[in-house]
Amino acid sequence: MDPNLSFRSRNDLISFQIQKRTIPVLLALIGFGVLVLIGGLSVGSTMIHPIDVIKHLFGLGSGEHAFTIDTLRLPRMLLSLLVGAALGVSGLILQSIIRNPLASPDVIGVTGGASAAAVFFLSYMASERASSSWLPLAALAGAGLVSLIIYLLAWKKGVTPMRIVLVGIGMAAAMGALTTFMIVLGPIATTMKAYIWLTGSVYGASWEKVYAMLPWLLVFAPLALFFTRAVHVQELGDQVAFGLGARVQLQRCGLLFIGVALAGSAVAYAGGVGFIGLIAPHIARKLIGRSFAGLVPISAVIGGLIMALADIVARTAFLPLDIPAGVFTAGIGAPFFIYLLYKNRYK
């Protein structure tokens, strides 16, 4: 009995296999995600019984908690899930094309570029010539620009995974230094806002942000499946991939563009949330193996769950304080990063 499910377009442009065990794992994670969503809508400064939350979601409630659920908590929960999903898929893509388990958007400088652009906007532009509604665009532009610089600096008759990592780490350090420099010299009134944004938070989430973030995930995450065969071939090494006729540089550029678009959009709407792109793909591989087509949805769901759970803890554990969710993702991710360094120290 074939353990895989095969999907192939008529023109053979898109074809991939998903292990059958991926489906029950995905359904179980989605079911757990529903429980997390209901739990997140229930807890807070005002406690709401989960049964009342379910009734409200199905339009059977009394309307007593309509403002708390519909305006304050539901957009925040949905934005957390979307941001985490985007970071999870982005981390998976970067780890696949770079072939390094330590790769993630924040490690190779993508997040740093978005953060530097956002801090510049908050410090020198938002209060004078532009509205803060342009902040996501500034962050996306920063992520795209830094990614382009990384790609160009790493180019030498093509781009190799090792050069991307080395240039990316250097660019991440440079962007961190630039961001700190701007915060020190920037207006005091914007410093705290910039610090909170850099840590990563979905505080103040609205339906407008949810609707703005949703297309990025719906377009670019499925688009990653288009490159499934390319990812599996490139995992064999560049020389083997060239020998099999793969257009390695073009495929790598396309995958990098998708990863940057997902990470940039997530950072644009939630700030510099770290380590989700590092953790989610590793958990996904433990659950279903190394099939890229199956890892895309699993990494997305796991990333969304990590972000949602971190935000629930952040806004409820220290009431009435609302701690940025990035504090808790970093608290989990930093030890995990050290563990990966130790595990791969002889490789």
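Where helices (runs of 4 or more DSSP H) fall wholly inside the range 172-239, the ranges with 1 or more residues that are open to solvent by 80 Å² or more (accessible area, probe 1.4 Å) and without any contact (Cβ under 8 Å) to a residue 40 or more places away in the chain are 188-199, 207-224. Listed by first and then second residue, the pairs with beta-carbon distance under 6 Å, at least 6 apart or on different chains, first residue in the range 95-122 and assigned to a loop (DSSP other than H, G, I, E, B) and hydroxyl-bearing (Ser, Thr, Tyr), second at pLDDT 85 or above and open to solvent by less than 10 Å² (accessible area, probe 1.4 Å), are Ser104/Gly91; Ser104/Gly277; Ser104/Leu278. Looking across the range 240-276 at every residue that is of a type in the set (A, V, I, L, M, F, W, C) and part of a loop (DSSP other than H, G, I, E, B), the one that is surrounded by the fewest Cβ atoms within 10 Å (Cβ to Cβ) is identified as Leu244. Looking across Ser62, Ser104, Ser90, Ser42, one residue alone is polar (S, T, N, Q), open to solvent by less than 20 Å² (accessible area, probe 1.4 Å) and at pLDDT below 85. It is Ser104. If you go through the range 320-335 and keep only what is modelled with pLDDT of 80 or more and either in a helix (DSSP H, G or I) or surrounded by fewer than 16 Cβ atoms within 10 Å (Cβ to Cβ) (or both), you end up with Pro320, Leu321, Ala325, Gly326, Val327, Phe328, Thr329, Ala330, Gly331, Ile332, Pro335.
Take the residues of the range 278-314 that are basic (Lys, Arg) and part of a helix (DSSP H, G or I): which is nearest to Ser104 (Cα to Cα)? Before the answer, list the steps.
Filtering the range 278-314 down to residues basic (Lys, Arg) leaves 285-286, 290.
If we keep only those that are part of a helix (DSSP H, G or I) too, we end up with 285-286.
On the way: Arg285: 15, Lys286: 18 Å.
Ranking the candidates gives Arg285 first.
Condition first: within 22 Å of Thr329 (Cα to Cα) and either open to solvent by less than 80 Å² (accessible area, probe 1.4 Å) or without any contact (Cβ under 8 Å) to a residue 24 or more places away in the chain (or both). Now tell me which residues in the range 155-170 satisfy that.
Keep residues of the range 155-170 that are within 22 Å of Thr329 (Cα to Cα), which gives 168-169.
Gly168 - this is the single residue of the range 155-170 that is within 22 Å of Thr329 (Cα to Cα) and either open to solvent by less than 80 Å² (accessible area, probe 1.4 Å) or without any contact (Cβ under 8 Å) to a residue 24 or more places away in the chain (or both).
The values are calculated or read from the model by the stated rules, or taken from the named source; none is laboratory data. Values in this document were obtained by computation on a predicted structure and should not be read as measured data. Note that we place each Cβ from the backbone using ideal geometry, even for glycine, and neighbour counts take in every protein chain shown. Accessible surface is based on the protein model in full, side chains and every heavy atom, while ligands, DNA and RNA are left aside. Shrake-Rupley method; radii C 1.70, N 1.55, O 1.52, S 1.80 Å.
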